[in-house]
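Visitor: Okay, here's the structure, questions in a sec.
The values are calculated or read from the model by the stated rules, or taken from the named source; none is laboratory data. Everything numeric here is computed off the predicted structure, so don't read it as measured data. Glycine gets a Cβ as well: all are built from the backbone with ideal geometry, and neighbour counts include every protein chain shown. Ligands, DNA and RNA are stripped out before the accessible areas are found, and what is left, the full protein with its side chains, is counted by its heavy atoms. Shrake-Rupley method; radii C 1.70, N 1.55, O 1.52, S 1.80 Å.
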Amino acid sequence: MPELPEVETVRMGLEKHLTGRTVTSVEVRHPRAARRHVGGEPDLIGRLSGKRVTGVRRRGKYMWIDVADDTDRAALVVHLGMSGQMLIARDGAPDHTHLRIRAALDDDNELRFVDQRTFGGWHLDDYAVSEGADDIPVSVAHIAPDPFDPAFDAAAVVTRMRAKHSEIKRVLLDQTVISGVGNIYADEALWRARLHGARIAETISRKKLLELIDAATAVMTEAVEVGGTSFDALYVNVNGQSGYFERSLNAYGREGLPCRRCGAIMRRESFMNRSSYFCPKCQTVPRRRAR
Ligand SMILES: [Zn+2]
């Protein structure tokens, strides 16, 4: 799944192309792409058509497009899933192979949702709270703020982390504690903070956890600057281009290579059906592990 930097790359592109535009018509080309919309496909098409885009926002890995007309406002929540792409194309440009939904715009462009594996999709959602620009869609309301959110409170996040008797990497991936961090940026942040992911969160000092949050914020900031990580050719911006942060990865995918800090050979361990990459010297393996 794309993590915060990859989603932010897409969000920035959409914001630039969509804000102020009106959706003139919508075509759902595969029912799976609309399955999360409660009212079904005709309702999604009817409610989205004619609406103007007022903003494109994100919390963690979750992105939505604010749309409104004179009588109704809603959030078009975009699930990228494993392979979803949000692309801007000229009206009449040849269809992409896995085109699932198209929304025609009033500037002779189309917003296209292309999704090879059909895990993703769109749904229109109401807002959980009504506080103007800070409204959050109902389906995103349980997600914690990410480190780029003005509402993010690092000290409070550290307190919540230290209340957990579980591995720190698992806590870092818990989107209700801190959002936006996935497997890749978790490994990078842990490497930077010199923490092994199997350390129990409650045994780590507040200072070290703040360092970890700073590291996660820094690595994701750097990744956004270069368009994210292209660990899969499917992660592209609205123009179909890939980012290149994978060149800057210090931990993820570097099994068997020397640590860029100390030269020790990097290792890989299985973790939650995926992998964790770490330096056995900089990130000491804890003797005590979670049950
Ligand atoms: Zn090292």
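Results for (1) at pLDDT 95 or above; (2) open to solvent by less than 50 Å² (accessible area, probe 1.4 Å), shown as yes or no for each residue.
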| site | (1), (2) |
| --- | --- |
| Val53 | yes, yes |
| Trp64 | yes, yes |
| Ala75 | yes, yes |
| Met86 | yes, yes |
| Asp91 | no, no |
| Ala104 | yes, yes |
| Val114 | yes, yes |
| Thr118 | no, yes |
| Gly121 | yes, yes |
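Residues checked against (1) within 22 Å of the chain's Cα centre (by Cα); (2) touching a residue at least 60 places away in the same chain (Cβ under 8 Å):
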residue	(1), (2)
His196	no, yes
Arg199	no, yes
Ile213	yes, yes
Gln241	yes, no
Gly256	no, no
Ser270	no, no
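Visitor: Might you let me know whether the stretch 128-137 holds any residue that is in contact with a helix residue (DSSP H, G or I) (Cβ under 8 Å, 6 or more places away or on another chain), outside any strand (DSSP E or B) and surrounded by fewer than 15 Cβ atoms within 10 Å (Cβ to Cβ)?
Guide: Here is the first cut: in the stretch 128-137, the residues in contact with a helix residue (DSSP H, G or I) (Cβ under 8 Å, 6 or more places away or on another chain) are 128.
Checking which are outside any strand (DSSP E or B) leaves us with 128.
Still in the running and surrounded by fewer than 15 Cβ atoms within 10 Å (Cβ to Cβ): none.
No.
Visitor: Can you tell me which residue among Glu27, Glu41 is in a strand (DSSP E or B), open to solvent by 50 Å² or more (accessible area, probe 1.4 Å), over 20 Å from Gly243 (Cβ atoms) and of a type in the set (Asp, Glu)? Write out each step before concluding.
Guide: Values: Glu41 fails: in a strand (DSSP E or B).
Exactly one of Glu27, Glu41 is in a strand (DSSP E or B), open to solvent by 50 Å² or more (accessible area, probe 1.4 Å), over 20 Å from Gly243 (Cβ atoms) and of a type in the set (Asp, Glu), namely Glu27.
Visitor: Now for a separate question. For residues that are open to solvent by 80 Å² or more (accessible area, probe 1.4 Å) and among the acidic types (Asp, Glu), tally how many sit in the stretch 244-266.
Guide: Looking only at that region, the number is 1.
Visitor: List the number of the failed condition for Arg32; all other conditions in (1) in contact with an Asp or Glu (Cβ under 7 Å, 6 or more places away or on another chain); (2) surrounded by fewer than 16 Cβ atoms within 10 Å (Cβ to Cβ) hold.
Guide: (1)
Visitor: Residue check: is Cys279 buried (at least 20 other Cβ atoms within 10 Å of the Cβ) and at pLDDT 90 or above?
Guide: Details: buried (at least 20 other Cβ atoms within 10 Å of the Cβ): yes; at pLDDT 90 or above: yes.
It is true that Cys279 is buried (at least 20 other Cβ atoms within 10 Å of the Cβ) and at pLDDT 90 or above.
Visitor: Look through the stretch 232-291, keep the residues that are aliphatic (A, V, I, L, M) and in contact with a Pro (Cβ under 8 Å, 6 or more places away or on another chain), and return whichever of them is nearest to the ligand (Cβ to nearest atom). Even if it seems obvious, please write down each step before you answer.
Guide: Of all residues in the stretch 232-291, those aliphatic (A, V, I, L, M) come to 233-234, 236, 238, 249, 251, 257, 264-266, 272, 285, 290.
Still in the running and in contact with a Pro (Cβ under 8 Å, 6 or more places away or on another chain): 264-266.
Numbers: Ala264: 5, Ile265: 9, Met266: 8 Å.
Filtering the stretch 232-291 for residues that are aliphatic (A, V, I, L, M) and in contact with a Pro (Cβ under 8 Å, 6 or more places away or on another chain), the one nearest to the ligand (Cβ to nearest atom) comes out as Ala264.
Visitor: If you don't mind, another one. Taking the residues in the stretch 188-243 that are of a type in the set (Val, Ile, Thr) and assigned to a loop (DSSP other than H, G, I, E, B) as candidates, determine which candidate is surrounded by the most Cβ atoms within 10 Å (Cβ to Cβ). Explain how you work it out, then say what you get.
Guide: Going through the stretch 188-243, the residues of a type in the set (Val, Ile, Thr) turn out to be 200, 203-204, 213, 217, 219, 221, 224, 226, 229, 236, 238.
Okay, now just the ones that are also assigned to a loop (DSSP other than H, G, I, E, B), so 204, 226, 229, 236, 238.
Working: Ile204: 20, Val226: 16, Thr229: 27, Val236: 22, Val238: 22.
So, considering only residues that are of a type in the set (Val, Ile, Thr) and assigned to a loop (DSSP other than H, G, I, E, B), the one surrounded by the most Cβ atoms within 10 Å (Cβ to Cβ) is Thr229.
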